[in-house]
Amino acid sequence: MNYLYLNNVTQQPITHSYVFNKRNEKIDWRRIAAVDVERIARELDFQVLQDNIEHIALCNIDMEIDTRAMDPNFVKLYKMAQLIIEYLLLCQDQISSQLVDYEQIKSKTFQDHEESRREMEKLKNDLNTTKKESKKRKKMIETLQKMLTNQQPAHHTCPICAHSFLSVDYLQAHIHRRHPEYGSGGRREHDVDMEKENQRIKDELRTKETELQLIKVQKVCEMNIFFF
């Protein structure tokens with residue numbers, strides 16, 4: 001198993017920023033005597049280990065026992081174990097700090113995601129609204145085009161046979177040719193003139209009505225564009 005602790009690339013290496021603590025704690029021999037090592041291993045009693053870390057890891061073993069009467073390698077082993085414990089505690093602190101940073105990054109990422117989701121939802125709603133307004137405008141334009149297409153040119157109707165002509169000149173020529181009896185005599189000519197005038201007024205009224213309808217449609221289109 002590889003227990004090598006890898007630093008964050010953005011952090012300064014441990015060897016450049018950390019100094020091991022001085023060994024000035026005293027071992028609590030009574031507490032050590034009360035510890036059942038086999039029970040700790042069997043029941044995974046981590047709290048007992050936590051309670052004994054400080055005085056074991058930071059004690060001065062040379063002051064606690066007569067190291068001259070012991071195997072030098074055993075003393076060296078104990079001191080290395082102390083350094084390893086302190087190193088692991090440092091790793092624990094740095095991992096905890098990194099977890100806090102990661103939680104902040106996670107929270108920020110979640111907020112950005114929610115903001116993007118809300119923005120996408122808003123754009124989607126705006127797009128749907130735009131499509132609806134586009135359909136309305138398309139229908140209005142189609143209605144306007146139909147009205148313009150269906151607008152009939154002014155006709156001049158013969159007062160005698162009800163034939164229609166595009167101009168007054170054509171109507172007069174028709175009357176003189178087809179209805180010569182109405183072309184002579186002041187009274188008949190007067191009647192024809194009256195009919196022509198009535199027809200002109202009707203044509204003007206029809207034209208004005210068509211123009212008024214077109215103006216109404218244009219106003220509706222402008223109001224919809226303004227409110228959109």
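The values are calculated or read from the model by the stated rules, or taken from the named source; none is laboratory data. Since we're looking at a predicted model, the values are computed, not measured. Neighbour counts run over all protein chains shown; Cβ positions are idealised from the backbone, glycine included.
Restricting to segment 13-55, and then to whatever is touching a residue at least 60 places away in the same chain (Cβ under 8 Å) and of a type outside the set (Val, Ile, Thr), can you tell me which residue is surrounded by the fewest Cβ atoms within 10 Å (Cβ to Cβ)? The extreme case among them is Phe20.
When segment 140-161 is limited to residues that are modelled with pLDDT of 70 or more and in the same structural domain as Thr207 (by TED's automatic domain parsing), the one that is nearest to the chain's Cα centre (by Cα) turns out to be Thr157.
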